[in-house]
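Data block below; observations after.
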Amino acid sequence: KSLEIDWNEVFVMMIIAVTFITPIILLFYKYLEKVTIGGTFGKLFIDQALFSPIFTCGIIAYRFVLLKQVDSVDDLVNKVLAIAPSAVTSSWLFWIPTRYFTLLFIPSMYQ
């Protein structure tokens, strides 16, 4: 079976990456670089427990809006809340260890 690429989805994710993910991550990491409370674990907590769930919900919501898959704000909220818990917990499996080692070993100017 050949791989079929959904170019509309690719284009939407490119828009999200350029207009949402990149600007927010750049600003947030500049802030996180200045955090000194709790050292690496403090930064990891702020990044993954506080920032990541909100950021992930923003990506999911933006995707639904761009793909015109919602009829109202209530519909958007319900769809995001249905997906967000599993999306966030799945992302933690990858990002918590990745961010921990990044914060611990990579100089902040290269993160």
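The values are calculated or read from the model by the stated rules, or taken from the named source; none is laboratory data. Just so it is clear, the structure is predicted and the values come from calculations on it, not from any experiment. Note: ideal-geometry Cβ built from the backbone for every residue, glycine included; neighbour counts use all protein chains shown. Remember, those area values only see protein heavy atoms, side chains included, never the ligands or the DNA or RNA. Shrake-Rupley method; radii C 1.70, N 1.55, O 1.52, S 1.80 Å.
Numerical summary
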item: Computed [θ] at 222 nm, deg cm²/dmol, the chain (DSSP H ≥ 4; -39,500 (n - 2.57); rounded to nearest 500); result: -23000 deg cm²/dmol
item: Of all accessible heavy-atom area on the chain, the percent that carbon and sulfur account for (1.4 Å); result: 70 percent
item: Environment charge of Tyr100, counting only residues whose C-beta is closer than 12 Å and scoring Lys/Arg +1, Asp/Glu -1; result: +1
item: Of the DSSP H helices in the chain, those whose Cα atoms cover at least 24 Å axially and whose Kyte score averages -1.0 or more; result: 73-105
item: Global geometry of the chain, whether rounded, prolate or oblate, following the gyration tensor of its Cα atoms and the 1.5 cut on a/c; result: prolate
